[in-house]
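Down below is the structure, laid out as structure tokens.
The values are calculated or read from the model by the stated rules, or taken from the named source; none is laboratory data. All of these numbers come straight from a predicted model, not from anything done at the bench. Cβ: placed from backbone, ideal geometry, glycine included. Neighbour counts: every protein chain shown.
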Amino acid sequence: MNKELANEQEKQRLKDKKHRERQQKIKEAVAQRVAKATEERGVLLVITGNGKGKSTSGFGTILRALGHGLKPGIVQFIKGTKWECGELNILKQFPIQHYVMGTGFTWETQDKATDIAAAKMAWEKSKLMLSDPTIDIVLLDEMTYMVKYGYIDLDEIIETLNNRPKMQHVLITGRACHRRLVELADTVSEVQPIKHAFTIGVKAQKGLDW
Ligand code: ATP
Ligand code: MG
């Protein structure tokens, strides 16, 4: 073997050794963090931001929970009855408590009093779910707007969330989530819009956007 080749092999051997040591350190750090996370309780999750993927993430989590035999509840704020949604065509095959506010997008409607009444009714349905310990996970899709428009009292929302069954998970989706809900939540993700096909003229696509 010539000297150059031997040097190359030695360099590679040292590189591999360093890589193994680095990976081992990462593995130990992850194991330590996993060992520390021992608490078992319901989690409040917020998915907000202007990018696409909030409601699909919420419905995906409901599907994940169903896969483990958990019992979900869903309240859709804003979505109207004329708005089809692929997830529901599947999810309605399961025994899920589900309520749609049903007034259409609020910026389509003209009647504020009707919107407020519809929001309050949807919130009453939410409260029933948030006090029912047999419901393991509650999705409050697009609820952030109800707070933004002042249609539901924020103090009451926070109190209800704080007093919910200990093991119950709650997911809140929607843009512009109020700072106090972000503070209260255990997990918060903000979806950033890097690009969206709609802005370059692609219409909303079945199975992807609804
Ligand atoms: P999705 O339901 O696809 O997960 P989302 O819940 O994150 O979307 P919403 O603000 O509820 O987003 O808007 C719902 C609809 O608007 C969807 O059809 C989605 O594709 C579209 N949309 C979401 N974000 C954007 C965006 N940044 N620009 C244009 N359209 C968007
Ligand atoms: Mg949405």
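Per-residue answers, yes or no, for (1) more than 22 Å from V75 (Cβ to Cβ); (2) more than 14 Å from the chain's Cα centre (by Cα); (3) modelled with pLDDT of 95 or more:
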{"residue": "N162", "(1), (2), (3)": "no, yes, yes"}
{"residue": "R175", "(1), (2), (3)": "no, no, yes"}
{"residue": "D186", "(1), (2), (3)": "no, no, yes"}
{"residue": "T199", "(1), (2), (3)": "yes, yes, no"}
Inset, instruction - Looking only at segment 29-42, decide whether some residue is under 16 Å from the mean Cα position of the chain (by Cα) and surrounded by 10 or more Cβ atoms within 10 Å (Cβ to Cβ). - result: yes
Inset, instruction - Give the residue, chosen from K120, K203, that is more than 16 Å from ligand 2 (Cβ to nearest atom), in a loop (DSSP other than H, G, I, E, B) and without any contact (Cβ under 8 Å) to a residue 60 or more places away in the chain. - result: K203
Inset, instruction - Restrict the check to segment 134-149 and report whether at least one residue is within 16 Å of ligand 2 (Cβ to nearest atom), among the acidic types (D, E) and crowded, with 21+ Cβ neighbours inside 10 Å. - result: yes
Inset, instruction - Starting from segment 51-70, take each residue that is among the β-branched types (V, I, T) and list its partners that are in a helix (DSSP H, G or I) and more than 6 Å from ligand 1 (Cβ to nearest atom), counting only C-beta distances under 6 angstrom and pairs at least six apart or across chains. - result: none
